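Trainee: I have a structure I would like to understand better, so I am pasting it below and will then ask my questions one at a time.
The values are calculated or read from the model by the stated rules, or taken from the named source; none is laboratory data. The model shown is predicted, which means the values in this text are computed figures rather than measured ones. Glycine gets a Cβ as well: all are built from the backbone with ideal geometry, and neighbour counts include every protein chain shown.
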């Protein structure tokens, strides 16, 4: 098994502002099962702890959200790829952002956000089935607007109803159904998460395992709204309309060691080792950050 543990200083700012309490959790495996599912009531996260009952975001730009995504348990960390490779697969009008010092200027960061259990809900009605999967994000500069935006380079999910919901909320072809295996274990206060994600069509195979304390910090990441707008990508090639979004997240940063984190990228079948396949093209993972995050979160979205 190939490990890629970075030998560099941790980023001072996480590339994407992202986000359950793991109680009595048992191991489980989630795989792709597309299809329609009955609507249900999706729980929500309280954005205001002072006002009684559960409150949504208060930002004017989120006064009429199209929908929301609730993730009850996840894992996030940054990987670093050649800047030129990432630039080559971005849609027209966007410039890749170099990794900050002390990372070399010819590298760029991609945030990988895994979710063990998440659902999508549209304000107009309809809730997806639970899904597990992987999303990859990069803050790129929109040259026309001269601002940074969060681009969802890939959204790979186990359930077709989740993909349909997310596309309806954020734009066409911005997410895909993938083969996903996800496992969670909780023992004596230690949380273990394991993900195996494969999308043969785009040359994606990635496996990760992480272990750390389950004591997440309540509301460790709260932005109402997040400063940077976000977009999904239509087939990885065209930018979908921008969205304003909020995040309410519990999270815990864990330092990477030889014993608590393992990552494999590529190296299966015809996929070259270290190749991260994305809908827009492939990039080479050359290093990984020195911390990872366990998290749980809720994001609201509204077109800009």
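Trainee: What tally of residues in the range 223-242 results from selecting those that are surrounded by 16 or more Cβ atoms within 10 Å (Cβ to Cβ) and either touching a helix residue (DSSP H, G or I) at 6+ places or on another chain (Cβ under 9 Å) or under 18 Å from residue 62 (Cα atoms) (or both)?
Mentor: The qualifying residues number 12.
Trainee: Here is a further query. Please give the number of the condition residue 249 fails out of (1) under 16 Å from the mean Cα position of the chain (by Cα); (2) modelled with pLDDT of 95 or more.
Mentor: (2)
Listed here are the residues, each with its yes/no results for (1) buried (at least 18 other Cβ atoms within 10 Å of the Cβ); (2) under 14 Å from residue 74 (Cα atoms).
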site: 206; (1), (2): yes, no
site: 212; (1), (2): yes, yes
site: 215; (1), (2): no, yes
site: 244; (1), (2): yes, no
site: 249; (1), (2): yes, yes
site: 254; (1), (2): yes, yes
site: 266; (1), (2): yes, no
site: 273; (1), (2): no, no
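Conditions tested, residue by residue: (1) surrounded by fewer than 20 Cβ atoms within 10 Å (Cβ to Cβ); (2) at pLDDT 95 or above; (3) in contact with a helix residue (DSSP H, G or I) (Cβ under 8 Å, 6 or more places away or on another chain); (4) farther than 24 Å from residue 230 by Cα.
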| residue | (1), (2), (3), (4) |
| --- | --- |
| 51 | yes, no, no, yes |
| 56 | yes, no, yes, no |
| 68 | no, yes, no, no |
| 73 | no, yes, no, no |
| 119 | no, yes, yes, no |
| 132 | no, yes, no, no |
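Trainee: A further question follows. Given 115, 158, which one is within 15 Å of the chain's Cα centre (by Cα) and either closer than 20 Å to residue 293 by Cα or surrounded by fewer than 24 Cβ atoms within 10 Å (Cβ to Cβ) (or both)?
Mentor: Numbers: 158 fails: either closer than 20 Å to residue 293 by Cα or surrounded by fewer than 24 Cβ atoms within 10 Å (Cβ to Cβ) (or both).
Within the list 115, 158, the selection yields 115.
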